[in-house]
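S.K.: Following this message is one structure expressed as structure tokens.
The values are calculated or read from the model by the stated rules, or taken from the named source; none is laboratory data. Keep in mind that this is a model prediction, so the values were computed, not measured. When we count neighbours, we look across all protein chains shown, and the Cβ atoms used for this are built from the backbone with ideal geometry, even at glycine.
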Amino acid sequence: MGVSGSGKTTVAALLAAQLGWRYREGDDLHPDANVEKMRGGTPLTDADRLPWLRKIAQEIDSWRTRGEPGVLTCSALKRSYRDIIIGDRPEVVLVYLKGSQDLIARRMAARHEHFMPTALLDSQFATLQEPTPDERAIVVDVGGAPGEIADRIALELEFRSRESGMASRLRPGPQIP
């Protein structure tokens with residue numbers, strides 16, 4: 001999770017490839033009307049987001065039903081959004097890619113062919129409710145290179161897997177004891 005431009009797509013794709021997990025870009029699940037609103041510079045309302053959030057939750061549930069681990073990107077800026085996506089899914093881990101508005105604005109200005117204009121960044125930061133301790137999020141600063149960020153997330157997932165006493169599903173092959 002994180003504001004647009006925080007690196008969700010890049011980091012998630014690297015993480016999923018590293019772990020051998022499924023990957024899904026949450027933006028691809030937006031209804032066309034939402035994409036057009038954002039492309040036009042209009043922030044989405046909670047009502048606009050609700051069908052999208054439910055679709056993300058359905059995607060996660062389909063993976064869970066099949067026993068497939070995965071990485072799915074989503075801004076999930078508000079706690080109420082994360083409650084829909086994560087809800088009563090204790091095995092779902094929230095990762096928050098955190099960065100300053102200045103850094104993220106510079107990154108957004110440098111990227112091309114994305115529907116989210118830099119002008120909406122202010123509304124994203126205004127909406128952002130950072131995860132609270134009870135959400136047990138992995139919080140990663142986005143100031144580093146995407147590969148380093150993905151590595152850090154993978155290590156934290158591995159640590160949490162071991163801490164919970166569950167067999168690690170993070171990396172194929174032999175595990176380090």
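The rows are residues; the columns are (1) among the basic types (Lys, Arg); (2) closer than 22 Å to ALA105 by Cα.
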| site | (1), (2) |
| --- | --- |
| GLY2 | no, yes |
| GLY7 | no, yes |
| ARG24 | yes, no |
| PRO31 | no, no |
| LEU44 | no, yes |
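S.K.: Among the numbered conditions (1) part of a helix (DSSP H, G or I); (2) buried (at least 19 other Cβ atoms within 10 Å of the Cβ); (3) modelled with pLDDT under 95, tell me where ALA105 comes up short.
M.R.: Going through (1) part of a helix (DSSP H, G or I); (2) buried (at least 19 other Cβ atoms within 10 Å of the Cβ); (3) modelled with pLDDT under 95 one by one, ALA105 breaks only (2).
S.K.: Moving on. Within segment 39-52, is even one residue surrounded by 14 or more Cβ atoms within 10 Å (Cβ to Cβ), of a type in the set (Phe, Trp, Tyr) and more than 22 Å from PHE159 (Cβ to Cβ)?
M.R.: There is at least one residue in segment 39-52 that is surrounded by 14 or more Cβ atoms within 10 Å (Cβ to Cβ), of a type in the set (Phe, Trp, Tyr) and more than 22 Å from PHE159 (Cβ to Cβ).
S.K.: Could you please find all residues in segment 1-28 being of a type in the set (Ser, Thr, Tyr) and either over 10 Å from the mean Cα position of the chain (by Cα) or outside any helix (DSSP H, G or I) (or both)?
M.R.: Listed by number, the residues that qualify are SER4, SER6, THR10, TYR23.
S.K.: If you take the residues in segment 55-73 that are under 15 Å from the mean Cα position of the chain (by Cα) and in a helix (DSSP H, G or I), which one is surrounded by the most Cβ atoms within 10 Å (Cβ to Cβ)?
M.R.: Filtering segment 55-73 for residues that are under 15 Å from the mean Cα position of the chain (by Cα) and in a helix (DSSP H, G or I), the one surrounded by the most Cβ atoms within 10 Å (Cβ to Cβ) comes out as ILE56.
S.K.: Would you mention how many residues in segment 7-33 are of a type in the set (Gly, Ala, Ser), modelled with pLDDT under 95 and surrounded by fewer than 21 Cβ atoms within 10 Å (Cβ to Cβ)?
M.R.: Summing the residues that are of a type in the set (Gly, Ala, Ser), modelled with pLDDT under 95 and surrounded by fewer than 21 Cβ atoms within 10 Å (Cβ to Cβ) in segment 7-33 gives 1.
S.K.: I would also like to ask the following. Restrict the check to segment 109-129 and report whether at least one residue is at pLDDT 95 or above and not aromatic (Phe, Trp, Tyr).
M.R.: Scanning segment 109-129, I find at least one residue that is at pLDDT 95 or above and not aromatic (Phe, Trp, Tyr), so the answer is yes.
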